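Worksheet: one structure, shown below.
Bear in mind that the values in this text are calculations on the coordinates, not laboratory data. None of the values given here were measured: they were computed from a predicted structure. Counting neighbours? That spans all protein chains shown, and the Cβs are built from the backbone with ideal geometry, glycine included.
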Amino acid sequence: MSKVLVVIPTLWRPTLLSTMFGLLSQTVKPYEVIINAAKGGSSVSRNRGALKCEGDVEYILFVDDDAVPKPNWVERTASLLHEYDVVINNVETYGFGLCPLGGNTIGCGYRAEVFRKLGGFDEENTPHWAGDTELAWRAIQKGYSYNFDEEKTIVHIGLARSLESNTKEWIRRGTQYIKKTYPDLWLEYMAQMAGLGSSKALRYFHFLYGVG
């Protein structure tokens, strides 16, 4: 089995314990698990966590501290990373799945070499919000292979909140950045969201982004 690093950016929420229990129940155990405090923003935390790995790893998986990976998460994501450069996990969240083009970090994986070549998450333009989407879209734009795994291998048990008090401002800045930088992907993303056919999904999308 390939060496897999799991990175968890954390706000030290009580749900972190459930995340850890989920990792202990994996059919294939990761090579290393790094929990990194989310100081300076989630993008910074994920990048620092990925850099802390002791030894060579082939795949880097990310999961949030308010999400619980199902037992096959590591094994299935690593298997898909044999074929793809980027794998985005589908998630049981808010009563519906995620948009295929969303690029979420509630659960996802990158080939370590690809993650390093991309330079990791954008700490300057998307430090708190939309960093997951930005990195995934940057990978697509650069020609790396992208896979959205339809099977829901993560259960989201809480709504993540920024360390900053001005959360809405970070949402606005991150959203505006990815809309401006990746206009074609943004339009495709909007079309996918509209096609979900779930009024609950659309209401949540409007709540987050203030658009649509």
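For the stretch 4-209, the share of DSSP beta bridges that are antiparallel, to the nearest 5, is 40%.
Extending 7 Å from the Cα toward the beta-carbon at both residue 117 and residue 181 defines two label points whose distance is 1.9 nm.
Do the alpha carbons of any pairs in 3/142; 70/180; 3/39 sit beyond 31 Å of each other, and which pairs?
Numbers: 3/142 25 Å; 70/180 35 Å; 3/39 27 Å.
Violating the 31 Å Cα-Cα cut-off are 70/180.
Highest mean first, how do 169-181, 108-120 rank when packing is the count of other Cβ atoms within 10 Å averaged over residues? Spell out each step's value before the answer.
Working: 169-181: 17.2, 108-120: 19.2.
Per-residue mean Cβ counts within 10 Å order the peptides as 108-120, 169-181.
Sorting the Cα pairs of the stretch 4-209 by distance into bins of 10 Å, from 0 upward, gives 9, 38, 41, 12, 0 percent per bin.
Computed about its Cα centre, the charge dipole of the stretch 4-209 is approximately 560 debye, with only Lys, Arg, Asp and Glu carrying charge at their Cβ.
Spin-label model, residue 32 to residue 58: label points 7 Å out along the Cα-to-beta-carbon direction sit 1.7 nm apart. What residues qualify as long-range amide H neighbours of residue 148, i.e. H under 5 Å apart, gap of 5 or more or another chain, H built at 1.01 Å from N? When sequence neighbours closer than 5 places are left aside, the close amide H contacts are 88. Couplings 3J(HN,Hα) for the stretch 131-136, derived from phi with the Karplus relation 6.51 cos²θ - 1.76 cosθ + 1.60 (θ = phi - 60°), are x, 5, 5, 4, 5, 4 Hz, where x marks Gly and Pro.
Mind pulling up the Rg/Rh value for the stretch 51-90? Radius of gyration and Kirkwood radius, both on Cα. Could you put the intermediate results ahead of the total?
Numbers: Rg = 11.1 Å, Rh = 11.5 Å.
Checking Rg against Rh, the ratio lands at 0.96.
Per-peptide packing, taken as the mean over residues of other Cβ atoms within 10 Å, places 24-35, 124-135 in the sequence 124-135, 24-35 from highest down. Toward the positive end of the charge dipole of the stretch 4-209, with +1 on the Cβ of Lys and Arg and -1 on the Cβ of Asp and Glu, the farthest Cα among 33, 119, 99 is that of 99.
Can you find, among 57, 109, 81, the residue sitting farthest towards the positive end of the charge dipole of the stretch 3-147, where Lys and Arg contribute +1 and Asp and Glu -1 at Cβ? Towards the positive end, the residue furthest out is 57. For residue 91, the amide hydrogen comes within under 5 Å of the amide hydrogens of 98, counting only partners 5 or more places away or on other chains and with H modelled in the peptide plane.
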